[in-house]
Amino acid sequence: MDITVVGSGTVVPRLERRQSCVVVEAGGETLVFDLGSGAVRGMLRAGLDPFAVDRIFFTHFHPDHTVDVVPLLFSIKYGADEERSRPLLITGPGPFERFWSSLMDVWGEWMVGNYPLETSELPHESTSPLNLPGGRLSWAPADHRPESIAYRLDGEGGAFVYTGDTEYSESVVELARGAHTMLVECSFPDDSPVSGHLTPDGVARIASEAGVSRVVLTHVYPAADELDLPKEVGRGYEGQIVVARDGHKFGV
Ligand SMILES: [Zn+2]
Ligand SMILES: [Zn+2]
């Protein structure tokens, strides 16, 4: 699977870091996890076609992970050269349907095109994973918002995990067990933690307990960006450590 970090930033406006979004191309499909502000233009910047998106998955409903679904659907409806005919699936953790119907109340008239648009709501525990063309998708609760979940895609080359926002969480450790690559939030320095988020120490703890081969650090706030994050995380984790940049591509 080919993975592109489209947005590695946070609520803090930065030129160099858009808000959260990661695109996974696997099994002939384009999957998008989170769609924060700037994600649609970020896909263009990263050489990806926003109209190619087949499935959208949300980790939680904070605006820095969701708002660009509106311009994405608006552009699919009115901004494409060819009218879309293939389906688009949009999924999130419960109460996703309530979140979605609120968006539809405001913008549905401009968001819904003449193609099949399917929404579905995931239970917090993945008792029955989804079998996608690109692999088996499972998920587990993350420790951030009541609805928060993290995702894992098991493909041919190994497993990719995206934590979304979380603090240290045993269920994320279990989900990430033995994964090849974990795209993990690393929001704040160890000396100024914020609840619901990770610092290098928590990233190292999850990564080493789960035994993942590589971590890619994302959702980096400016204070954490000042640090030598590979060194900080490397105090408690022996695998490969990469700090994500917008447009950064890697394979699993
Ligand atoms: Zn966030
Ligand atoms: Zn959040």
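The values are calculated or read from the model by the stated rules, or taken from the named source; none is laboratory data. All values reported here derive from a predicted model rather than from experimental measurement. Ideal geometry is used to build each Cβ from the backbone, glycine not excepted, and the neighbour counts take in all protein chains shown. With ligands, DNA and RNA removed, areas are computed over all heavy atoms of the protein, side chains included. Shrake-Rupley method; radii C 1.70, N 1.55, O 1.52, S 1.80 Å.
Heavy atoms only, probe 1.4 Å: what % of the accessible area of the chain goes to carbon and sulfur, would you let me know? With neighbouring chains kept in place, the figure for the chain is 49 percent.
Based on protein heavy atoms only, the chain ends up with 43 Å² per residue of surface accessible to a 1.4 Å probe. Based on C-alpha pairs under 8 angstrom that are at least 6 apart in sequence, the chain has a relative contact order of 19 percent. Under a model in which nothing but the beta-carbon of Lys, Arg (+1) and Asp, Glu (-1) is charged, the range 205-252 shows a dipole of about 180 debye around its Cα centre. Based on DSSP H segments of at least four residues, each scored -39500 (n - 2.57), the chain has a per-residue ellipticity at 222 nm of -7000 deg cm²/dmol. Overall, the chain carries a charge dipole of about 360 debye about its Cα centre when +1 sits on the Cβ of Lys and Arg and -1 on the Cβ of Asp and Glu, all other atoms neutral.
Oblate is the label for the range 8-64, because the ratio a/c of its alpha-carbon gyration tensor axes (a ≥ b ≥ c) is 1.5 or higher and a/b is not greater than b/c.
Asp54 sits among other residues whose Cβ lies under 12 Å from its own Cβ, and their net charge, with Lys and Arg +1 and Asp and Glu -1, is -1. Of the peptides 118-124, 195-201, 20-26, 65-71, the ranking by mean beta-carbon count within 10 Å, highest at the top, reads 20-26, 65-71, 195-201, 118-124.
Each Lys or Arg adds one and each Asp or Glu subtracts one; over the other residues with Cβ under 11 Å from the Cβ of Met43, this totals 0. Taking the range 196-229 and a reference point 7 angstrom along Cα→Cβ of Glu238, the backbone N atoms nearer than 14 Å belong to 208-214. Per-residue 3J(HN,Hα) values for the range 113-130, derived from phi via the Karplus relation 6.51 cos²θ - 1.76 cosθ + 1.60 with θ = phi - 60°, read x, 8, 10, x, 10, 10, 10, 8, 10, 9, x, 5, 9, 8, 5, 10, x, 8 Hz in sequence order (x marks Gly and Pro). Nearest 0.05, what FRET efficiency do Ser85 and Ala223 give at R0 = 30 Å with Cβ-Cβ as r? Efficiency computed from Cβ-Cβ geometry: 0.05. Assuming charge only on the beta carbon of Lys and Arg (+1) and of Asp and Glu (-1), the dipole of the range 175-243 about its Cα centre is about 340 debye to the nearest 20. Is the C-alpha gyration tensor of the chain telling us rounded, prolate or oblate? Criteria: a/c under 1.5 is rounded; beyond that, a/b larger than b/c is prolate, otherwise oblate. Note, shape of the chain comes out prolate.
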